[in-house]
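Novice: I'd like to ask you about the structure that follows.
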Amino acid sequence: MILTIHQPEFLPWLGFFHKMNLADQYVVLDSVQYEKNYFQNRNKIRTSSADGWNWITIPVLKKDRSTQLIQDVEIDQNVIARQQKKNWKSIEQSYQKAPYFEMYEGAFKEVLLNQEPKKIIDTNLRLISTFRDILAIQTPLTLASDLETHLNGSELLLEICEKLGADAYLSGPHGRDYLDESEFESHGIKVEYHEFQHPEYSQIHGAHMPYMSTLDLIFNHGSDSMKILTGDG
């Protein structure tokens, strides 16, 4: 059984779902420390701006919370309603002329504008579920916070693999910098690395620009998105 583990991102990019689709089991790593200004609460959308892209961000509470876990990060309720409207306006302005915007806008609008989440993990999991439904990804998901783990770093990932009975661990490419492969192998678990070649596809704002939220692919290519993502389209 191939298992992969990843932190829960906001409006994830294509590589996030490509790796998920390759695995037999996907673990949402919500039990580790939140990283400020990373992808847990923001991501990029393609725009007609000078840079060609903008950030879409969910405001979270960070003051005096430098060691909080991802599962505990709270959304700033003082500004979230205003930010949700701003975010959706940006998405709408960027993609309303995209071929498949009208087909999928309702699903994302429900999460990004009509929900009142308390924690960022709630928003991220709802969005991940929406993307999975559209892309027809069947890989089962498990929350790391439900597994009662006790270790850190490479040992934590090995602990999760053992708890779920994996015989192969699919790591991101940066895992080469910190994974103890020999320790995995001594427990009968083969380490493999995810090598993702970002596909090029037509976008409504000019030449292709990679590393956007998966929103970009879906609004531009609809039901063909999974074929493009896996290289079959």
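The values are calculated or read from the model by the stated rules, or taken from the named source; none is laboratory data. What you are looking at is a predicted structure, and each value in this text was computed from that prediction instead of being measured. Methodologically, a virtual Cβ is constructed for each residue, glycine included, from the backbone with ideal geometry; neighbour enumeration extends over all protein chains shown.
Novice: Mind counting the residues in region 51-79 that are in contact (Cβ under 8 Å) with a residue 60 or more places away in the chain and farther than 15 Å from residue 40 by Cα?
Specialist: The qualifying residues number 2.
Novice: Return the residue satisfying two criteria in turn: it lies in region 29-41 and is among the charged types (D, E, K, R) and surrounded by fewer than 18 Cβ atoms within 10 Å (Cβ to Cβ), and of such residues it is farthest from residue 155 (Cα to Cα). Please lay out each step first, then the result.
Specialist: Quick first cut of region 29-41, residues among the charged types (D, E, K, R) only: 30, 35-36.
Remaining after also requiring surrounded by fewer than 18 Cβ atoms within 10 Å (Cβ to Cβ): 35-36.
Values: 35: 20, 36: 23 Å.
Per the stated criteria, the residue is 36.
Novice: Inspect region 4-17 for any residue being over 15 Å from the mean Cα position of the chain (by Cα) and aromatic (Phe, Trp, Tyr) and give the result as yes or no. Show your work before the answer.
Specialist: Filtering region 4-17 down to residues over 15 Å from the mean Cα position of the chain (by Cα) leaves none.
No - not one qualifying residue is present in region 4-17.
Novice: If you take the residues in region 35-50 that are touching a residue at least 40 places away in the same chain (Cβ under 8 Å) and not β-branched (Val, Ile, Thr), which one is farthest from residue 4 (Cα to Cα)?
Specialist: Looking at residues that are touching a residue at least 40 places away in the same chain (Cβ under 8 Å) and not β-branched (Val, Ile, Thr), I get 48.
Novice: Still on this structure, please answer the following. If a residue counts only when it is modelled with pLDDT of 95 or more and closer than 30 Å to residue 107 by Cβ, which strands (runs of 3 or more DSSP E) contained entirely in region 138-233 have at least 2 such residues?
Specialist: Answer list for region 138-233: 141-143.
Novice: Looking at 97, 44, 109 in this structure, which one is modelled with pLDDT of 95 or more, in a loop (DSSP other than H, G, I, E, B) and under 23 Å from residue 223 (Cα atoms)?
Specialist: Going through 97, 44, 109 in turn, the sole match is 97.
Novice: Please pick out the residue among 26, 100 that is surrounded by 15 or more Cβ atoms within 10 Å (Cβ to Cβ), in contact with a Gly (Cβ under 6 Å, 6 or more places away or on another chain) and aromatic (Phe, Trp, Tyr).
Specialist: After ruling out the rest, the residue left standing is 100.
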